[in-house]
Amino acid sequence: MRVVSAAVAVIISFLLLAGCSDRKKEDVKKPEAAIPVETALVAEAPWASDIEAAGTVKLKSEQTLSFKVSGLITHFYVDDGDAVARGQKLASLDLTEVNAQKSDAEARVVEAQRAFDRAEALQEKGFGTVAVTDAARRALMTARTSRDQINFNSGWAQIFAPTDGIVLHRFAEPNELMNAGEPVLTVGDRTEGLIMRVPLSDQQVVRLRMGDRAVAHFRALSGEDVVGKVTRIGAQADPQTGAFDVELTFASPPPSLMSGMIGSASITPSVMPAVKLLEIPATALVEATGDGGYVYRIDPATSRAVHTTIRVGGIRGEAVLVRSGLAAGDRVVAAGAAYLSDGDLVSSAAPTLSAR
């Protein structure tokens, strides 16, 4: 019995020692695993002071032409895209009615002239009165005025090119009845070059000066830069949109640039913004509300992610512009931020140099 008791005691002692050993292992804290992320350096963004806008290209001088009188269109001598020379006939109305009106007006003048001559002769012989002669004179003047007006209007029954240019659009077809003043053709003056008109906000337009450099881009031209400058700044905002119309003129536009093309323009203003903007990758922005948001900045001393609130100044392509909350040279999490919490230990390779 003593032998059995001794054996049991040995077994119990061994189990107790093993339990203590397990508890010691559990008490040893495992090292914290760093979460792998990609980072980027916060950099100054001098390019962000440029003003970005979109607009439409057009010839500097574009004129919409009309008939001054109503009538039936008999001829169009041009079509969209045709080059025209100054004074070239472009369209005409049926002149039958106009010519009849001219003939009638001329006949009325002849009749009024005869009546006046007769009244004047009778007055000289003492058989007429001054009142009758004056009435005949007024009737003659009225007839002449009517004739001159009809002759003037008949000249507007045909449309002639006001300048060397190109037909941009034709609004009607032959045999259509047109009202006076209704648009018939739009002709652009090729001698004055191409412009681009862009709408800008009040905060943008106050930073511009005449002659500020602009670079336009058009998808249709495969991204080719078209260099120009600011040549007109609107003095009043559009009452509907609140935008100011700004005109850009291109120095040497490519031959393939045409009126009606839509593109984007980057204007370098004379007046720089008071606050220098920074840039970070758009992927670094975890959440944004209005002009606020937050990112994870890496604490260089601890390699831990720090939840950092920033003020956003806009988005340009793949870059987010930052007004405040970060400093140039800071490192932010550019990929993997969605899986982090404030204070997490992170590891990363060398940060990228720029968001662009």
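No lab work stands behind these numbers, since they all come straight from the coordinates. Please read these numbers as outputs of a predicted model, since none were measured by experiment. Reconstructed Cβ throughout: ideal geometry from the backbone, glycine too, with neighbour counts over all protein chains shown.
Table for the structure above
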| read-out | value |
| --- | --- |
| Given charges at Cβ of Lys, Arg, Asp, Glu: the chain dipole, positive-most of 222, 169, 69 | 222 |
| Listed pairs 102/125; 58/229; 229/276; 58/276 exceeding 26 Å between Cα atoms | 102/125; 58/276 |
| Globularity index of the chain, i.e. its alpha-carbon radius of gyration over 2.2 N^0.38 Å | 2.04 |
| Sequence ranges 79-92, 161-174, ranked by mean other-Cβ count within 10 angstrom, highest first | 161-174, 79-92 |
| Estimated FRET transfer efficiency (residue 125, residue 171; beta-carbon r; R0 45 Å; 0.05) | 0.15 |
| Lys, Arg +1 and Asp, Glu -1 on Cβ, resulting dipole of the range 96-156 about Cα centre, debye, nearest 20 | 80 |
| Highest to lowest packing among 119-127, 332-340, 297-305, scored as the average C-beta count within 10 Å | 332-340, 297-305, 119-127 |
| Spin-label pair residue 349/residue 276, simplified geometry with 7 Å Cα→Cβ offset, distance in nm | 3.0 |
| Rounded if a/c under 1.5, otherwise prolate or oblate - the range 181-271, Cα gyration tensor axes | oblate |
| Mean Cα-pair separation over length for the range 96-156, i.e. relative contact order, pairs under 8 Å, 6 or more apart, % | 48 |
| Test item: Cα-centred dipole of the chain, Lys/Arg +1 and Asp/Glu -1 on Cβ, debye | 880 |
| Burial order of peptide ranges 243-250, 130-137, 225-232 (average beta-carbon count within 10 Å, highest first) | 243-250, 225-232, 130-137 |
| Spacing of the two label points (7 Å from each Cα toward its C-beta) at residue 256 and residue 220, in nm | 1.1 |
| The chain: angle of helix 2-27 to the longest principal axis, Cα-based, in degrees nearest 10 | 30 |
| Per-pair calculated FRET efficiency, R0 = 45 Å: residue 83 and residue 339 via Cβ, rounded to 0.05 | 0.10 |
| Calculated FRET value between residue 33 and residue 328, using beta carbons and R₀ = 25 Å, to 0.05 | 0.20 |
| Unit charges at the beta carbon, dipole of the range 217-298: most positive-side option, 246, 277, 233 | 277 |
